[in-house]
1. Of all residues in segment 74-91, which are in a loop (DSSP other than H, G, I, E, B) and open to solvent by less than 20 Å² (accessible area, probe 1.4 Å)?
2. Only one residue in 153, 171 is open to solvent by less than 20 Å² (accessible area, probe 1.4 Å) and in a loop (DSSP other than H, G, I, E, B), so which one is that?
3. Considering only residues that are in contact (Cβ under 8 Å) with a residue 40 or more places away in the chain and either in contact with a Lys or Arg (Cβ under 6 Å, 6 or more places away or on another chain) or open to solvent by 70 Å² or more (accessible area, probe 1.4 Å) (or both), which ones fall in segment 57-69?
4. Only one of these is in contact with an Asp or Glu (Cβ under 7 Å, 6 or more places away or on another chain), in a loop (DSSP other than H, G, I, E, B), closer than 24 Å to residue 56 by Cα and not small (Gly, Ala, Ser): 158, 104. Name it.
5. Being among the acidic types (Asp, Glu), within 22 Å of residue 66 (Cβ to Cβ) and open to solvent by 40 Å² or more (accessible area, probe 1.4 Å): is that true of residue 123 here?
6. Can you name every residue in segment 104-156 that is in contact with a Ser or Thr (Cβ under 7 Å, 6 or more places away or on another chain) and among the aliphatic types (A, V, I, L, M)?
Amino acid sequence: MKTRVIMNNMLLNSAIYSCTLFLLSGCGESTATSVTDAEGAMAEKVEGNVQDADMGMKPWALNIEEATVNNPDYRAVKWTSAHMQMVLMSLKPGEEIDLEVHNKTDQFIRIEQGEARVRMGKESGKLTYDKTISDDWAVLIPAGYYHHIKNTGTTDLKLYTIYAPAEHPKGITHKTYAEAKESHHDHE
């Protein structure tokens with residue numbers, strides 16, 4: 001049990017550190033300035049609205065809370081690299097992230113706005129972890145765990161998720177739940 005807590009803390013710290021280095025303030029019509037990250041590398045800090053394109057494979061900083069809360073799309077992949085991916089999501093009341101499993105991918109989810117129910121388990125028919133979550137909660141999903149998240153609130157559920165390694169095609173945007181369901185891919 002102690003090892004699992006340490007591993008979860010390491011995953012959380014890694015995700016937070018990676019996000020801090022690569023993602024800090026919006027884009028779109030923007031002003032850009034050079035900033036130095038924690039390792040001394042120069043990166044571009046862009047202010048304004050979030051880019052429509054996937055900003056992966058280069059340093060990027062954005063206001064993650066602002067980008068998440070202002071995202072209108074069910075799923076919008078915003079940053080993809082060989083080892084990690086950041087995706088913004090907006091689920092309308094009653095919508096869900098269908099039951100799925102990522103056998104080779106760990107996942108971190110941060111709720112910025114709204115209420116949800118998260119269920120997880122090692123078997124699809126036996127989701128033994130069941131928790132109600134809301135603003136400022138984080139969910140850590142180890143590779144190989146089935147998970148299901150449903151918006152149980154009366155407002156849109158706004159979240160961002162980090163996959164390690166990447167899960168979705170670079171730059172993909174699904175405007176609606178129906179569109180995402182129609183183009184669903186196998187998870188491995």
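1. So in segment 74-91, the residues in a loop (DSSP other than H, G, I, E, B) come out as 74, 81-84.
The one that is in a loop (DSSP other than H, G, I, E, B) and open to solvent by less than 20 Å² (accessible area, probe 1.4 Å): 74.
2. Working: 171 fails: open to solvent by less than 20 Å² (accessible area, probe 1.4 Å).
Being open to solvent by less than 20 Å² (accessible area, probe 1.4 Å) and in a loop (DSSP other than H, G, I, E, B) holds for just one of 153, 171, which is 153.
3. 65, 66, 68, 69 - these are the residues of segment 57-69 that are in contact (Cβ under 8 Å) with a residue 40 or more places away in the chain and either in contact with a Lys or Arg (Cβ under 6 Å, 6 or more places away or on another chain) or open to solvent by 70 Å² or more (accessible area, probe 1.4 Å) (or both).
4. Working: 158 fails: in a loop (DSSP other than H, G, I, E, B).
Only one candidate qualifies: 104.
5. Numbers: among the acidic types (Asp, Glu): yes; within 22 Å of residue 66 (Cβ to Cβ): no; open to solvent by 40 Å² or more (accessible area, probe 1.4 Å): yes.
Criteria not met by residue 123.
6. 109, 111, 116, 143, listed by residue number.
Here is a yes/no grid of residues against (1) of a type in the set (A, V, I, L, M, F, W, C); (2) modelled with pLDDT under 95; (3) out of contact with any Pro (no Cβ under 7 Å at 6 or more places or on another chain):
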| residue | (1), (2), (3) |
| --- | --- |
| 42 | yes, yes, yes |
| 59 | no, yes, yes |
| 86 | yes, no, yes |
| 95 | no, no, yes |
| 98 | no, no, yes |
| 117 | no, no, yes |
| 124 | no, no, yes |
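Listed here are the residues, each with its yes/no results for (1) polar (S, T, N, Q); (2) over 13 Å from the mean Cα position of the chain (by Cα); (3) open to solvent by 60 Å² or more (accessible area, probe 1.4 Å).
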| position | (1), (2), (3) |
| --- | --- |
| 93 | no, yes, yes |
| 99 | no, yes, yes |
| 103 | yes, yes, yes |
| 115 | no, yes, yes |
| 118 | no, yes, no |
| 129 | no, yes, yes |
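The values are calculated or read from the model by the stated rules, or taken from the named source; none is laboratory data. Note that the structure is predicted; figures quoted are calculated from it, not measured. Positions of Cβ are generated from backbone atoms using ideal geometry, with glycine treated the same way; all protein chains shown enter the neighbour counts. These area figures cover heavy atoms from the full protein model, side chains too; ligands, DNA and RNA do not enter into them. Shrake-Rupley method; radii C 1.70, N 1.55, O 1.52, S 1.80 Å.
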